[in-house]
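These notes concern the structure reproduced below.
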Amino acid sequence: MKVAILGTGYVGLVTGACLADLGMHVTCVDIDKAKVALLKQGVVPIYEPGLESIVKPAVAADRLRFTTDIGEGLLGADVVFIAVGTPSDEDGSADLTYVLAAARSIGEAMNAFTVIVDKSTVPVGTAGKVNAEIAAALLRRGVTHEFAVVSNPEFLKEGSAVADFMRPDRIVLGIPPGPAGVRAREIMDRLYAPLQRNHLRTIHMDVPSAELTKYAANAMLATRISFMNELANLAGAVGADIESVRQGIGSDSRIGYHFLYAGTGYGGSCFPKDIRAICHTGLEHGMELKVIQAVEQVNRVQKEVLVRLINRRFGPDLRGRLFGLWGLAFKPNTDDMRDAPSRVIIEKLVSAGARVIAYDPVAMKEARRALATDLGEGTEMLARVSFAETPEDCVVGADALVIATEWKIFKSPDWSRLRVRLKQPVVFDGRNLFSPRLMRDEGFEYHSIGRGTPPAW
Ligand SMILES: NC(=O)c1ccc[n+]([C@@H]2O[C@H](COP(=O)([O-])OP(=O)(O)OC[C@H]3O[C@@H](n4cnc5c(N)ncnc54)[C@H](O)[C@@H]3O)[C@@H](O)[C@H]2O)c1
């Protein structure tokens, strides 16, 4: 089967590489010339475990190609994926500029029956808009090729994207009505057949339901996070430990353990924008999605939780203070800095006059770029942020260690080496990596999320 993919970001590149790994012939098309040039040389521009090791052999075997030329990409393609970005617009809605431009370029280049797959996360109704863009482009060309627009939202997680794609919990396919839809369903089932050997994973449904499923999944996961963060703040206030509470409720099979960690709030390229977008969809239909709106409000406040703890300890004026920051990426195993809580933490600390030395195993390059945007290139604020080569270098002379991302390498530090490097043994842990008792025994003043001190009676 021949496949074209528009957009070679986290989703498009993983999808393309995995399908090529399964034996298909894939051409990835991107408008970013620099990115395509790198990929052609076998350089993977993002950090995603296991990705490079499938990209390289697929390129060498000529099953995976990269181009900026949509005509070349679509040549003979049975299926064309749209996997371009859908960032937040100013009003919170999903900005469909890239999706609709991609649709237009498909209409301008396709030359036979084609299945067009919306893999980008898009609001309900987008498949109809994609359909209209393609039809209009075909009309302008004076040609009448049949096509079908399928919704196939992506559920992979950055950091385990290759494994998630190869062993998906489910494959959601929103199939349009009519004969073209029947044909599209058969082609999509053939495309995903290699992922179904163990058991059938595809859930077929209508297009609007598939589009909404993606937002529903992200809204549910974000809700669990904000719910736990809100409870953590209560736990801290009433002298309970949110970690014990987490285990107490996670053991209920109706609740389960996933996504119940209290922390510094969710970030990344999906939850924040998708939560805003579903709220916007609600408003467009005259509905305030009150639960989901609250999820976002709680998250906004939670991103500052570490700064509040720091202010409580050191006061609001942080001039002359130095903080070592472990973790920049919004979660471990990725270099993605989009909406990362570390950005809020850094911005607040340097605004209050502090200096920050940061360390992240893979995200420092991306972080430099993101922070230059947040704090301004060449500004005094940006000059107060520097980067260290190792986690231990990061805390030399610091007033405290601040942990923002739960990378594995941070989970078992040599406390005695840290103690001598820090100016004072103080840790602010936004990921609850350690037990308060262990930290006390190691001689640290330990501040974490939602772990109050039980009253002594
Ligand atoms: N990143 C994730 O973990 C994840 C998971 C599930 C779903 N999604 C969704 O998938 C979509 C893509 O996300 P991403 O993180 O891969 O985005 P990304 O920003 O990493 O990549 C998007 C790519 O599309 C390219 N592009 C833009 N317009 C184009 C066009 N007309 N033709 C060809 N290429 C074009 C850009 O140059 C860029 O390389 C979004 O809708 C996102 O919400 C992302």
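The values are calculated or read from the model by the stated rules, or taken from the named source; none is laboratory data. Bear in mind the structure is a predicted one, so any value in this text is a computation, not a measurement. Virtual Cβ from ideal backbone geometry, glycine too; neighbours counted across all protein chains shown. Just the protein is used for accessible areas: all its heavy atoms, side chains included, with ligands, DNA and RNA removed. Shrake-Rupley method; radii C 1.70, N 1.55, O 1.52, S 1.80 Å.
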Condition check for ASP95: without any contact (Cβ under 8 Å) to a residue 24 or more places away in the chain, over 22 Å from ALA161 (Cα atoms), of a type outside the set (Gly, Ala, Ser) and within 14 Å of the ligand (Cβ to nearest atom):
yes
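With the range 295-414 as the region, which strands (runs of 3 or more DSSP E) entirely inside it contain at least 2 residues that are modelled with pLDDT of 95 or more, touching an Asp or Glu at 6+ places or on another chain (Cβ under 9 Å) and surrounded by 14 or more Cβ atoms within 10 Å (Cβ to Cβ)? Steps first, answer last, please.
Numbers: elements: 322-326, 355-359, 385-387, 400-403.
Counting at least 2 such residues, we get 322-326, 355-359, 400-403.
What do you reckon, is THR27 β-branched (Val, Ile, Thr), buried (at least 19 other Cβ atoms within 10 Å of the Cβ) and within 14 Å of the ligand (Cβ to nearest atom)? Steps first, please.
Details: β-branched (Val, Ile, Thr): yes; buried (at least 19 other Cβ atoms within 10 Å of the Cβ): yes; within 14 Å of the ligand (Cβ to nearest atom): yes.
Against the criterion (β-branched (Val, Ile, Thr), buried (at least 19 other Cβ atoms within 10 Å of the Cβ) and within 14 Å of the ligand (Cβ to nearest atom)), THR27 qualifies.
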In the range 332-350, what residues are away from the ligand (no atom under 16 Å from the Cβ) and touching a helix residue (DSSP H, G or I) at 6+ places or on another chain (Cβ under 7 Å)?
ARG343, ILE345, ILE346, GLU347, LYS348, LEU349, VAL350
Within the range 221-234, can one find any residue that is open to solvent by 20 Å² or more (accessible area, probe 1.4 Å), without any contact (Cβ under 8 Å) to a residue 60 or more places away in the chain, farther than 22 Å from GLU304 by Cβ and of a type in the set (A, V, I, L, M)?
no
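Checking the conditions here, which among VAL44, VAL14 is aliphatic (A, V, I, L, M), under 16 Å from ALA161 (Cα atoms) and more than 9 Å from the ligand (Cβ to nearest atom)? Explain how you work it out, then say what you get.
Working: VAL14 fails: more than 9 Å from the ligand (Cβ to nearest atom).
The unique qualifying residue is VAL44.
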Taking the range 50-66 and keeping only residues that are more than 24 Å from the chain's Cα centre (by Cα), crowded, with 19+ Cβ neighbours inside 10 Å and not charged (D, E, K, R), one is left with ALA58, LEU64
Hey, could you check the range 98-125 for residues that are touching a residue at least 60 places away in the same chain (Cβ under 8 Å) and over 14 Å from GLY7 (Cα atoms) and say which is farthest from the ligand (Cβ to nearest atom)?
PHE113
For the range 243-295: of the residues being of a type in the set (D, E, K, R) and away from the ligand (no atom under 16 Å from the Cβ), which is farthest from the chain's Cα centre (by Cα)?
ASP252
Residues of the range 235-268 being open to solvent by 50 Å² or more (accessible area, probe 1.4 Å) and in contact with a Leu (Cβ under 6 Å, 6 or more places away or on another chain), which ones?
PHE259
Every residue from the range 415-457 that is β-branched (Val, Ile, Thr) and assigned to a strand (DSSP E or B)
VAL426, VAL427
Give me the pairs: first residue in the range 193-217 and farther than 18 Å from ILE82 by Cα and outside any strand (DSSP E or B), second residue open to solvent by 20 Å² or more (accessible area, probe 1.4 Å) and acidic (Asp, Glu), beta-carbon distance under 9 Å, and six or more apart or on different chains, which are they?
GLN196/ASP189; ARG201/ASP169
Anything in the range 33-49 that is open to solvent by less than 50 Å² (accessible area, probe 1.4 Å), assigned to a helix (DSSP H, G or I) and under 22 Å from LEU156 (Cα atoms)? List them, or say none.
LEU39
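Tell me, which residue of the range 100-144 that is in a helix (DSSP H, G or I) and among the acidic types (Asp, Glu) is most open to solvent (accessible area, probe 1.4 Å)?
Step one: of the range 100-144, the residues in a helix (DSSP H, G or I) are 100-109, 126-141.
Narrowing further to those that are among the acidic types (Asp, Glu): 108, 133.
On the way: GLU108: 100, GLU133: 47 Å².
The extreme case among them is GLU108.
What number of residues in the range 269-286 are assigned to a loop (DSSP other than H, G, I, E, B) and crowded, with 22+ Cβ neighbours inside 10 Å?
Kept after step one, since they are assigned to a loop (DSSP other than H, G, I, E, B), are these residues of the range 269-286: 269-270, 285-286.
Then drop every residue that is not crowded, with 22+ Cβ neighbours inside 10 Å, which leaves 269-270.
So the count comes out to 2.
Return the only residue of VAL43, VAL99, VAL84, VAL29 being out of contact with any Gly (no Cβ under 6 Å at 6 or more places or on another chain) and modelled with pLDDT of 95 or more. Break it down into steps so the answer makes sense when it comes.
Details: VAL43 fails: modelled with pLDDT of 95 or more; VAL84 fails: out of contact with any Gly (no Cβ under 6 Å at 6 or more places or on another chain); VAL29 fails: out of contact with any Gly (no Cβ under 6 Å at 6 or more places or on another chain).
That would be VAL99, the only listed residue that is out of contact with any Gly (no Cβ under 6 Å at 6 or more places or on another chain) and modelled with pLDDT of 95 or more.
Test of understanding: among ILE171, ILE116, ILE134, ILE187, which residue is farther than 17 Å from ALA277 by Cβ and in contact with a Lys or Arg (Cβ under 6 Å, 6 or more places away or on another chain)?
Working: ILE116 fails: in contact with a Lys or Arg (Cβ under 6 Å, 6 or more places away or on another chain); ILE134 fails: in contact with a Lys or Arg (Cβ under 6 Å, 6 or more places away or on another chain); ILE187 fails: in contact with a Lys or Arg (Cβ under 6 Å, 6 or more places away or on another chain).
ILE171 is the lone residue from the list that is farther than 17 Å from ALA277 by Cβ and in contact with a Lys or Arg (Cβ under 6 Å, 6 or more places away or on another chain).
Filter the range 146-159 for residues that are more than 10 Å from the ligand (Cβ to nearest atom) and assigned to a loop (DSSP other than H, G, I, E, B); which is most open to solvent (accessible area, probe 1.4 Å)? Step through it out loud before you land on a result.
Residues of the range 146-159 that are more than 10 Å from the ligand (Cβ to nearest atom), as a first pass: 146-152.
Add one more test, that the residue is assigned to a loop (DSSP other than H, G, I, E, B), and what stays is 146, 152.
On the way: GLU146: 102, ASN152: 2 Å².
Once the filter is applied, the top-ranked residue is GLU146.
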Please indicate, with yes or no, whether at least one residue in the range 271-294 is without any contact (Cβ under 8 Å) to a residue 12 or more places away in the chain and aromatic (Phe, Trp, Tyr).
no
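Just give me the residues in the range 1-21 being over 21 Å from PRO87 (Cα atoms), surrounded by 19 or more Cβ atoms within 10 Å (Cβ to Cβ) and of a type in the set (A, V, I, L, M), in sequence order. Talk me through it step by step, then tell me what you get.
Keep residues of the range 1-21 that are over 21 Å from PRO87 (Cα atoms), which gives 1-4, 16-21.
Subset that is surrounded by 19 or more Cβ atoms within 10 Å (Cβ to Cβ): 3-4, 16-21.
Result: VAL3, ALA4, ALA17, LEU19, ALA20.
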